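Since every read-out is calculated from the coordinates, none of them should be taken as a lab result. Small disclaimer: the values here were computed from a predicted structure and weren't measured. Methodologically, a virtual Cβ is constructed for each residue, glycine included, from the backbone with ideal geometry; neighbour enumeration extends over all protein chains shown.
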Amino acid sequence: MKLFEKGMSFILAVALCCSLAAGAGASTFTDAHGNVIELDDSLEAYTASVLHGADGAACKGETNLGDLWADALRWFAVSWKINEFFGEDDVAAGITQITVDADHIVALWNGGNLKTDIAEGKLGAEELANVLPYPNTVAVCYMTGAQLLEQLEACSQGLPFTEETAAACNAFMQVSGLKYTVDTAKAYDKGEAYGDNWFKAASLGRVAIGEVNGKPFDPEAVYAVVTSNANVKGMDASYVFKSIAAAEDEKAVITTAVVRDVVWTYLAEELANVVGEGYAEAQGRITIR
């Protein structure tokens, strides 16, 4: 009997160890910065179509994954859920909410930070982590329409996409809340070098913003631009973001909200965990000619 009990104890111990090991493997992810993050395996959604991010798809033009990702960020802002994630220092400084109306809120997300496809069918936290393997958080920066136009001009400088311009095209912006056109027949007017792959815009002319949330674009209006902390800090061609955020009177905010969590919340609360036919194709927000 004792031998039997010892044998059963050993079997149970082995089973428990295997169970824990399997659980650990399924619930952690090592991001691109080497951080080990826990994944919530209970999260489950469904997409009716492949969402395109692999092979630099979101750096070449608008994609359905880019639309979804940018929509999630803008939704997070216009639903005012973002206000709960302002940091203590910002709140102490009186920055507790976005200060423009919803029709002046847009979202920009650089295509280089959409790394892979999401296959048709079920998806969970691991799929989102594979798309964005970085610990980005949501940020807000206030821009005039003229500044927004310059930022889009700079971020589109690598187009049309080729092997030679692939690195520059990482800055290309997927958007929500606006429509814009890039005229690649016009040469980008290179100004001062910025980083290894980009130049500031010496003049504007390749990019035109057609509308913002269904209304005419106003170069003098102030827009709240929802993006990532990396863009506000000047990643890729985001020198306009960086310059604005550095100004003493600027109210740019880097929140504590993790971008992947925001996208998942959008899927759950706004889309009822189903990415349907509305995202079967890119929605016609960006025209490249």
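Remarks
- Charges were assigned to the Cβ only: +1 to each Lys and Arg, -1 to each Asp and Glu. The resulting dipole of the stretch 58-208 about its Cα centre is roughly 280 debye.
- Considering only Ala72, Asn213, Leu132, and ranking their Cα positions along the charge dipole of the chain that arises from unit charges at the beta-carbon of Lys, Arg, Asp and Glu, the one farthest toward the positive end is Leu132.
- The chain - charge dipole about Cα centre, Lys and Arg +1 at Cβ, Asp and Glu -1, debye rounded to 20: 400
- Of Leu152, Asn35, Ile286, farthest towards positive along the dipole that unit charges on Lys, Arg, Asp, Glu beta carbons give the chain: Asn35
- Taking Cα atoms only, the orientation of helix 64-78 departs from the longest principal axis of the chain by about 80 degrees.
- Cα-based shape type of the stretch 78-170, given that a ≥ b ≥ c are square roots of the gyration tensor eigenvalues and the cut on a/c is 1.5: oblate
- Cα-centred dipole magnitude for the stretch 120-181, charges only on beta-carbon of K, R (+1) and D, E (-1), debye, nearest 20: 240
- Contact order, relative form, for the chain: 28 percent (alpha carbon pairs under 8 Å, 6 or more residues apart, mean separation divided by residue count).
- The stretch 91-107 and the stretch 229-289 have Cα centres spaced 15 Å apart.
- Set against the 2.2 N^0.38 Å expectation for a compact globular protein, the chain has a Cα radius of gyration ratio of 1.14.
- The slack in the chain from Glu120 to Ile288, taken as 0.36 nm per residue of separation less the alpha-carbon distance, amounts to 57.8 nm.
- Around Ala221: net Lys/Arg minus Asp/Glu count, Cβ-Cβ under 14 Å: -4
- With Cα atoms defining each centre, the stretch 173-214 and the stretch 108-130 are spaced 25 Å apart in the structure.
- Per-q log10 I(q)/I(0), the stretch 129-265, q = 0.13, 0.15 Å⁻¹ (Debye; single scatterer per alpha-carbon; no solvent): -0.57, -0.77
- Once Rg and the Kirkwood radius are both taken over the C-alpha atoms of the stretch 52-110, their ratio Rg/Rh works out to 1.11.
- Principal-axis tilt of helix 145-155 within the chain, Cα atoms, nearest 10 degrees: 60
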